Number of protein chains: 2
Amino acid sequence: MTARTPADGSPHGVASVDGVAGRSSGREIPEATVARLPIYLRALTSLGERGIGTCSSEDLAAATGVNSAKLRKDLSYLGSYGTRGVGYDVDYLRYQIAREIGVTHDWPVVIVGIGNLGHALANYSGFRSRGFRVVALLDAAPERHREAVAGLEVRPFDDLEEIVAAETVAIGVIATPAVAAQDVTDRMVASGISSILNFAPTVLSVPDGVDVRKVDLSIELQILAYHEQRKAVPDIDDNPEQEVIA
Amino acid sequence: MTARTPADGSPHGVASVDGVAGRSSGREIPEATVARLPIYLRALTSLGERGIGTCSSEDLAAATGVNSAKLRKDLSYLGSYGTRGVGYDVDYLRYQIAREIGVTHDWPVVIVGIGNLGHALANYSGFRSRGFRVVALLDAAPERHREAVAGLEVRPFDDLEEIVAAETVAIGVIATPAVAAQDVTDRMVASGISSILNFAPTVLSVPDGVDVRKVDLSIELQILAYHEQRKAVPDIDDNPEQEVIA
DNA sequence: CTCGTTTTGTTCTTCTGTTCACAAACTCCT
DNA sequence: AGGAGTTTGTGAACAGAAGAACAAAACGAG
């Protein structure tokens, strides 16, 4: 912990990296690394809860299923938060990653589409504990309103703008049928939301500056199926298609 | 279309790539491409339903949000299924992709853990229409048994081996709490399942030859949060640490 | 205080994936 | 039939990510 003082002091006395002088956050973190930071964060939380105060890159690599060299390189983008010969302070590193990701404070989130999946998402406790707070559940269907899910009333979709403005919501989750997803997206964007997590099986178009991530359950299964098929028929091809031609 | 005969015949007369000679399925499809094939498949299905018989790589690229050159290269790994100057036959290409992925017939799937998420998955109609058939819902908790979800009875987890053997199930879905996930995995693997889709927020360890894909809802949100944070504070860093250096 | 051990942070190499750009192949029009 | 216009399939350049390997930094023992 005392090791904190040299902060980002790059060992070899180079105070500024890339010639970017003062901007200590000037390090551009590669996308692949960003996608792994949450994994490290979760593993560190778990280690911390088990009372482990320090861990090496090998330990953390084992806990996350990542190659230790890759892990060290990932962490090095954030700064120099380890101690050579010792390892990383679990709590300290966890805080640094949380800060880098931006989950030291909670992000308000709205969920639109309270069907089966929306229910599950609303009830998912992992959001709360990992930096997100569901502030509203919205659905266009009147028969779903007033129903209480996870302690929140389901409200009309038309309340979107009001809620986004009142709570400064930046992140929206779409769990509607595919056909409604683009409309919901447009309304979200218009109301000020600039990051969307989309569970609807459709490609959304959004203006620049808005991020969309998509989670598609059947795509994941299809990727598994592809590899599964290759296992089953390791060598032979299952296309009996000589005849087709002509 | 006639172009099928030369199989992988690379134009410049190189019949065997990599020296792998005759293996027509020897084309190794890059992982990144495999992950996009289901997207193309879905878009083609949608085009087909709209009565569109032919599409160019530009059309399909627009529908999927992918660069058209990348799309063409992806498709070229499967074979030469387009016609220069014309484009791709929607149905024909769709069939070829489905065959490559291995979803021309349905894959039986079991879902373990019928909580909120398990419910949602069991009811998700997209599985059925995209090459998967949920053959059983399993849960360790006795109070969940006999409950009917999506037309299937929830059965005891101990029935796993019997079901997997009876239906030759190769793919399992884990929607249990994190703490149970590794045990469920071990049982699945022992019973013969070799592809797992994991929704539990934990790293699974599996023997070689078993594939695991993980879907983690809060990780997706955290990735969005990272970028969102960067938008909010485009330049200034939120760590006020100039003083440190010494 | 010096030596040996540990473990980080980083450089260099290799691999994988993306994008560009264009010849080859096809259609359609005249 | 020939030429103009499209669109594919792919080689080659480029970019990004992963992995191996090692010097620099910290610690502890003697």
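Counting other C-beta atoms within 10 Å, and keeping those with at most 14, which DSSP coil trypsin sites (Lys or Arg not before Pro) do you find in the range B:51-115? Within the range B:51-115, the qualifying trypsin sites (Lys or Arg not before Pro) (loop, at most 14 other Cβ atoms within 10 Å) are B:Arg84. Other residues lying with their Cβ under 10 Å from the Cβ of A:Tyr40 contribute a combined charge of +2, Lys and Arg counting +1, Asp and Glu -1. The distance linking the range A:101-123 with the range A:28-65 is 24 Å (Cα centroid to Cα centroid, whole angstrom).
From other protein chains only, count the Cβ atoms within 10 Å of every residue's Cβ in A:197-205, then give the mean.
Per residue, the average neighbour count from other chains is 4.
With K and R counted +1 and D and E -1, the other residues having a Cβ less than 13 Å from that of B:Ala140 yield a net charge of -2. The A-B contact accounts for roughly 7000 square angstrom of buried accessible surface, both chains included, probe 1.4 angstrom.
Whole-Hz Karplus values for the range A:83-90 come out as 10, 4, x, 10, x, 10, 6, 4 Hz, taken residue by residue from phi with 6.51 cos²θ - 1.76 cosθ + 1.60 and θ = phi - 60°; glycine and proline positions read x. Measuring nothing but protein heavy atoms, the accessible surface of the range B:107-220 at 1.4 Å probe radius is 50 percent carbon and sulfur.
Distances between copies at B:Glu161, taken between label points 7 Å from Cα along the C-beta direction, are 6.2 nm in increasing order. Between B:Ser56 and B:Tyr88, the built amide H atoms are under 5 Å apart, and every one of these is 5 or more places off in sequence or on another chain.
The residues neighbouring B:Pro201, those whose beta-carbon lies less than 12 Å from its own, together hold a net charge of +1 under the Lys/Arg +1, Asp/Glu -1 convention.
Label-to-label distances for B:Lys70 across copies, nearest first, come out at 1.9 nm, using points 7 Å from Cα in the beta-carbon direction. Here the peptides A:165-171, A:129-135 are ranked by packing, the mean other Cβ count within 10 Å, and the order with the highest first is A:129-135, A:165-171. Note on the range B:74-204: dipole from Cβ charges, positive end direction compared against B:Tyr88, B:Gly131, B:Thr104; the farthest Cα belongs to B:Tyr88. Between B:Asp211 and B:Ser195, B:Ile196, the built amide H atoms are under 5 Å apart, and every one of these is 5 or more places off in sequence or on another chain. Shown in residue order for the range B:104-119 are the 3J(HN,Hα) couplings computed by the Karplus curve 6.51 cos²θ - 1.76 cosθ + 1.60 at θ = phi - 60°: 7, 10, 7, 9, x, 9, 10, 10, 10, x, 9, x, 4, 5, x, 3 Hz (x for Gly and Pro).
Over the range A:92-195, Cα pairs under 8 Å with separation of 6+ residues give a relative contact order of 29 percent.
In nanometers and ordered shortest first, the copy-to-copy spacing of the B:Val179 label point, defined 7 Å from Cα toward Cβ, is 4.3. Spin-label model, B:Thr54 to B:Ser125: label points 7 Å out along the Cα-to-beta-carbon direction sit 3.3 nm apart.
Inter-chain Cβ neighbour count for A:146-158, averaged per residue, equals 0 (cutoff 10 Å, partner chain atoms only).
Straight-line cross-link partners of B:Lys231 among the aspartates and glutamates, defined as a Cα under 20 Å from its Cα and at least 8 positions apart when in the same chain: A:Glu28, A:Glu31, A:Glu100, A:Asp106, A:Glu167, A:Asp186, A:Asp208, A:Asp211, B:Glu220. Quote the FRET efficiency, to the nearest 0.05, computed for A:Ala141 versus A:Arg230 with a Förster distance R0 of 45 Å and r equal to the Cβ-Cβ distance. The computed FRET efficiency comes out at 0.60.
Using the 1.4 Å probe convention, the accessible area of the range B:28-153 works out to 45 Å² per residue with neighbouring protein chains retained. Sparsely packed loop sites in the range B:46-125 (the chymotrypsin sites (Phe, Trp or Tyr not before Pro) outside DSSP H, G, I, E and B with at most 15 other Cβ atoms within 10 Å) do not occur.
The values are calculated or read from the model by the stated rules, or taken from the named source; none is laboratory data. These numbers come from a predicted model, not from an experiment. Note that each Cβ is placed from the backbone with ideal geometry, even for glycine, and that neighbours are counted across all protein chains shown. Remember, those area values only see protein heavy atoms, side chains included, never the ligands or the DNA or RNA. Shrake-Rupley method; radii C 1.70, N 1.55, O 1.52, S 1.80 Å.
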